[in-house]
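Have a look at the structure below, then the notes.
What follows is calculated from the coordinates using simple rules that are stated; it is not laboratory data. What you see is a predicted model; the values in this text were computed from it and never measured.
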Amino acid sequence: MMPSFKPRESSTTRLDLWLAAVVLLVSVLAIVWASVRHTVPSSSNRARIYRGKQLIETVSLKADRRIDLSRDGMQLEVNAGRVRVIQSDCAKQICVQRGWIRQAGETIICVPNRIRIEMESQRAPKLDAVVS
């Protein structure tokens, strides 16, 4: 006759609770550390505006102002060290919906108008490519 195995009644012990708390704490700390470490703060107060591959203007973000790109049907706003597109004649308005950008490496792209606005960084980016 084969011995029958009874499953052990599950009961959570104090050690189980401590182990779960430690794993949760380490996970949260790892996420915070990774997000802080990979955030590149803006070390420059400038944004670059490109039409296609050609740089058309480098804008200081120290003074609040509006920039009219009438040739491209766009208007930009610079305010408090950040920039956004406030008006564009493109159909889907994705560049307008993007909102404010303020950190180095952030971009706004308007594909129909071939305009790219990117925050300038004096540091080299931490990631140079993403391959999937």
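Report the Stokes-Einstein translational diffusion coefficient (µm² s⁻¹, integer) for segment 46-119, Rh taken as the Kirkwood radius over Cα pairs, at 20 °C with viscosity 1.002 mPa s. Intermediate values should be presented prior to the final figure.
Numbers: Rh = 12.0 Å.
My calculation gives 179 µm²/s for D.
Which residues' amide hydrogens lie under 5 Å from the amide hydrogen of GLU57, considering only partners 5 or more residues apart or on another chain, with H built in the peptide plane?
Here the answer is ILE49, since their amide H atoms fall under 5 Å of that of GLU57.
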